[in-house]
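Read the structure below first, then the notes.
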Amino acid sequence: MQPFRFFQFCLFFATLCVLPQPTYAFDVDLEIVLAVDASGSVDDDEFHLQLRGIAEALRDPRIQDAIRSGPRQKVAMSMLVWSDAAFPKFAMQWHVLSSPQSAIAFAAKVETFHQKAGRSRGLGGGGTAIGSAIDFAMGMMASNGITARRQVVDVSGDGIETEPWHGDAVMLPEARQSAAQRGVLVNGLAILNDFPTLDKYYQKNVIVGPGSFVMEAKDYTDFKRAIREKMWLEIVTRVSSVR
């Protein structure tokens with residue numbers, strides 16, 4: 001290599017070294033757990049309406065555009081089916097959504113989840129352990145190996161928290177305190193068919209974090225509208241979790 005060209009090469013390389021290089025501290029813009037109520041107050045039809053509502057929201061082009069609206073253009077999503085604290089919880093694998101195709105593929109798995117974990121297979125029933133569900137969802141996010149700008153637990157349900165009938169359980173005050181300490185937002189979707197003022201209960205006792213909110217569904221048939229609006233707000237929100 002000629003001396004002048006060698007000098008040019010060294011100068012170019014040195015310039016690259018001193019220029020600020022892009023760094024990505026996060027894998028995705030958002031981690032979100034969709035925590036679905038399957039307690040004793042929720043019958044099979046109502047449970048399936050929740051799954052279909054989530055699936056239809058994921059197929060909505062507006063939601064798909066929202067998924068790609070952040071700096072990383074990716075959202076990590078999972079679903080948790082919860083009920084009584086003493087009963088097993090059922091969690092889906094994490095899926096990173098970054099395109100309409102990936103959202104549609106996840107929607108198909110959500111919609112058919114009951115075939116693998118339906119009431120006939122021991123899913124759900126018993127009391128309403130909201131705090132235990134939030135605690136479990138936070139554990140899902142802590143162990144998935146994904147880093148995100150924001151972490152959200154999206155709790156949907158039709159009742160207030162009930163006292164554990166068997167053994168100890170993480171109750172709402174403890175779960176909310178832990179979420180606040182970890183910088184995890186908890187949002188709520190209150191289904192009002194059994195408790196007309198459940199939205200007020202969720203506002204006071206369930207949600208936590210800057211920008212957290214409650215969405216209302218009049219009943220389970222209204223769930224698909226509410227979850228679509230709620231999911232869009234959760235994805236496009238730019239309020240960072242406190243860490």
Output the number of residues of segment 61-79 satisfying the condition of being out of contact with any strand residue (DSSP E or B) (no Cβ under 6 Å at 6 or more places or on another chain) and buried (at least 16 other Cβ atoms within 10 Å of the Cβ).
4
Segment 151-190, residues that are modelled with pLDDT under 95 and farther than 17 Å from Tyr201 by Cβ:
Pro164, Trp165, His166, Gly167, Asp168, Ala169
Do you know which residues across segment 149-165 are more than 19 Å from Asp37 (Cα to Cα) and surrounded by fewer than 21 Cβ atoms within 10 Å (Cβ to Cβ)?
Arg149
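Restricting attention to segment 129-147, which residues are out of contact with any strand residue (DSSP E or B) (no Cβ under 8 Å at 6 or more places or on another chain) and under 14 Å from Gly157 (Cβ atoms)?
Gly131
Mind checking which strands (runs of 3 or more DSSP E) fall wholly inside segment 26-127 and carry at least 3 residues that are closer than 24 Å to Met171 by Cβ?
Working: elements: 28-37, 75-82, 95-97.
It comes to 28-37, 75-82.
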Within segment 83-108, can you find the residues that are over 24 Å from Ala148 (Cα atoms) and modelled with pLDDT of 95 or more?
Ala108
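So if I check each of Phe113, Phe136, which one is closer than 14 Å to Leu34 by Cα, within 16 Å of the chain's Cα centre (by Cα) and surrounded by fewer than 24 Cβ atoms within 10 Å (Cβ to Cβ)? Reasoning before the result, please.
Working: Phe113 fails: within 16 Å of the chain's Cα centre (by Cα).
Within the list Phe113, Phe136, the selection yields Phe136.
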Scanning segment 200-223 for residues that are of a type in the set (Lys, Arg) and assigned to a helix (DSSP H, G or I), the one surrounded by the fewest Cβ atoms within 10 Å (Cβ to Cβ) turns out to be Lys204
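Looking at this structure, is Thr237 more than 15 Å from the chain's Cα centre (by Cα) and hydroxyl-bearing (Ser, Thr, Tyr)? Break it down into steps so the answer makes sense when it comes.
Details: more than 15 Å from the chain's Cα centre (by Cα): no; hydroxyl-bearing (Ser, Thr, Tyr): yes.
Against the criterion (more than 15 Å from the chain's Cα centre (by Cα) and hydroxyl-bearing (Ser, Thr, Tyr)), Thr237 does not qualify.
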Checking Met171 against (1) in contact (Cβ under 8 Å) with a residue 40 or more places away in the chain; (2) under 27 Å from Asp65 (Cβ atoms); (3) buried (at least 16 other Cβ atoms within 10 Å of the Cβ), the condition it does not meet:
(2)
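When the residues of segment 169-199 are narrowed to those that are in a helix (DSSP H, G or I) and of a type in the set (A, V, I, L, M), which ends up farthest from the chain's Cα centre (by Cα)?
Among residues in segment 169-199 that are in a helix (DSSP H, G or I) and of a type in the set (A, V, I, L, M), the one farthest from the chain's Cα centre (by Cα) is Leu198.
The values are calculated or read from the model by the stated rules, or taken from the named source; none is laboratory data. The shown structure was predicted, so the numbers you read here are calculated from the model rather than taken from an experiment. Positions of Cβ are backbone-derived with ideal geometry, glycine not excepted, and every protein chain shown enters the neighbour counts.
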